1. Using the Karplus curve 6.51 cos²θ - 1.76 cosθ + 1.60 with θ = phi - 60°, what ³J(HN,Hα) values do you get for each residue of the range 86-92, in whole Hz, with x for Gly and Pro?
2. Determine the share of the range 312-471's accessible area contributed by carbon and sulfur atoms, expressed in whole percent, with a 1.4 angstrom probe.
3. Consider a paramagnetic label point 7 Å from the Cα of R111 along Cα→Cβ; state which residues of the range 38-77 have an amide N under 15 Å from it.
4. If you take every DSSP beta bridge whose two residues both sit in the range 220-376, what share of them, in percent to the nearest 5, is antiparallel?
5. At a threshold of 8 angstrom on Cα-Cα distance, excluding pairs fewer than six apart, so keeping six or more, what relative contact order does the chain reach in percent?
6. Please list the equivalent ellipsoid semi-axes of the range 364-457, computed as the square roots of five times the alpha-carbon gyration tensor eigenvalues, in descending order and whole angstrom.
7. Give a residue-ordered list of calculated ³J(HN,Hα) values for the range 96-104 (Karplus: 6.51 cos²θ - 1.76 cosθ + 1.60, θ = phi - 60°; whole Hz; x for Gly, Pro).
8. State to the nearest 20 debye the size of the charge dipole of the range 169-314 about its Cα centre, where the only charges are +1 on K and R beta carbons and -1 on D and E beta carbons.
Amino acid sequence: MTTTTPRPRTFPRFPAGFRFGAATAAYQIEGAHAEDGRGPSIWDTYCRTPGKVAEGATGDVACDHYHRWPEDIGLLRDLGVDSYRFSIAWPRVRPLGDGPLNPAGLDFYERLVDALLEAGVSPSATLYHWDLPQALEDRGGWRVRETAERFAEYAGTVAERLGDRVERWMTLNEPYCSAFLGYGLGRHAPGAREGRGALAAAHHLLVGHGLAVRALRAAGAREIGITLNPDLLLPATDSPADIAAVRRARTVHNDVWLDPLFAGRYPLHERETWETLAEDPPYRLDGDLELIGAPLDFVGINYYRPVTVRDAPRNEPDPAARTAVDIGAAESWRTDVRHTTMGWPVVPGALTDLLTGLSRDYPGLPPIFITENGSSEADEVSADGAVHDEERVAYLHDHLHTLADTIAAGVDVRGYFVWSLLDNFEWAFGYDRRFGVVRVDYDTLERTPKDSYHWYRKLIAEHRAAHGSAR
């Protein structure tokens with residue numbers, strides 16, 4: 001099992017050309033949920049379903065980035081990042097998912113992109129960070145192929161407008177969460193608990209990715225990739241039952257995505273994992289694997305913590321009636337290390353194990369960007385008005401040292417995006433979790449850079465000084 005050794009408080013060293021960035025997502029920060037023609041998303045609907053989100057919170061206002069984006073770009077400029085990873089809200093661009101384009105929505109993102117470039121920050125755009133237009137969900141959502149086709153149309157429209165200025169495109173963010181938390185477990189929008197429906201959603205998300213890659217290439221987009229959140233999954237014991245449970249969990253968390261994208265196959269253990277649910281999937285068509293596996297310029301990896309897995313009884317004895325997450329595997333967290341306020345164990349060394357494993361198992365894997373990494377902490381504003389988030393600084397320090405060592409060992413990682421620039425709406429947790437290197441006062445919306453912001457700024461400045469590079 002991976003262990004963690006305390007690091008000396010020095011800045012890690014990265015190779016020349018390594019990119020540092022910060023990341024956010026549209027629904028988590030933008031607000032302005034009904035302004036300038038934006039249509040409702042599945043998260044607008046989910047937040048209004050009693051009991052789904054802590055304290056009934058919504059993204060209606062969030063950080064009000066839609067109106068305060070110049071201030072946020074100023075924070076990025078002062079932070080010194082090379083790149084900003086943001087997401088584009090599909091319902092702001094096409095309110096119904098298809099049909100008429102909303103010019104005001106595209107205008108907003110064009111202003112954002114142009115202002116980033118003027119500030120010396122390269123735009124990296126994610127096309128889907130979970131905010132599906134509700135109108136498409138009403139017609140079946142990701143369970144049906146039509147949504148994948150509409151996604152490609154939307155991707156092409158955005159790239160035609162912004163492709164000459166956006167450096168890096170990500171089609172999907174964490175499709176595992178969209179398919180299995182949204183359509184299997186019910187803890188994310190749209191809140192469904194299904195078997196075949198969730199498996200169909202997983203496949204159509206990948207089909208949508210493949211079609212979007214084709215549309216982005218046709219529009220002249222430059223670097224194209226996808227952002228995944230594969231897990232380092234470790235057995236609770238060495239028993240054959242726990243090892244088999246890890247194999248099933250790996251199918252759901254990792255293989256469903258990585259195998260079609262980078263190995264040209266569907267998961268090897270899907271029948272063991274889902275039994276009759278995986279039989280004769282009607283949603284798979286001839287040519288889908290080739291479409292999904294089109295070459296990419298990079299892959300984004302989001303990492304926060306490792307997961308321990310043990311064998312457990314299935315909740316539903318009838319395989320045909322099970323949800324797609326009822327696989328006989330119970331997940332838990334290590335108890336011998338510090339935990340963030342998400343309850344996640346802090347194990348920096350697991351990042352090395354994850355990345356080296358991916359590079360070993362998928363020899364054709366494109367260059368990697370760490371597109372999310374950070375920690376939720378119990379931040380407090382001190383008497384002097386500052387936020388001394390020492391635990392977050394320690395988390396970033398240790399993970400970035402680990403990442404530098406991983407690169408030195410030969411894994412091709414080209415950049416790192418801290419999650420997140422701002423405290424924000426943290427999905428089903430509402431506003432009860434803070435990941436930002438900038439504090440947001442949700443009453444006044446005032447922004448306050450934390451100690452972690454200043455630490456990350458110094459790291460970036462030292463990196464540039466070491467390599468004699470400027471912005």
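The values are calculated or read from the model by the stated rules, or taken from the named source; none is laboratory data. Computed from a prediction, not measured in an experiment: that's the story for all the values here. Ideal geometry is used to build each Cβ from the backbone, glycine not excepted, and the neighbour counts take in all protein chains shown. Note: areas computed on protein heavy atoms with side chains; ligands, DNA, RNA excluded. Shrake-Rupley method; radii C 1.70, N 1.55, O 1.52, S 1.80 Å.
1. Computed from phi, the couplings for the range 86-92 are 10, 10, 9, 7, 3, x, 7 Hz.
2. Values: 3190 of 6350 Å².
Carbon and sulfur together cover 50 percent of it.
3. Residues 38, 64-74 qualify, since their backbone N sits under 15 Å from the label point.
4. On the way: 5 of 16 bridges.
If I count the DSSP bridges inside the range 220-376, around 30 percent turn out antiparallel.
5. On the way: 995 pairs, mean separation 85.9, N = 471.
Worked out over the chain, it gives 18 percent.
6. Details: eigenvalues 159, 46, 19 Å².
Ellipsoid half-lengths, sorted descending, are 28, 15, 10 Å.
7. Karplus values, whole Hz, x for Gly and Pro: 9, x, 9, x, x, 6, 9, x, 5.
8. Values: 15 positive and 18 negative charges, 72 e Å.
Taking the Cα centre of the range 169-314 as origin, the dipole is about 340 debye.
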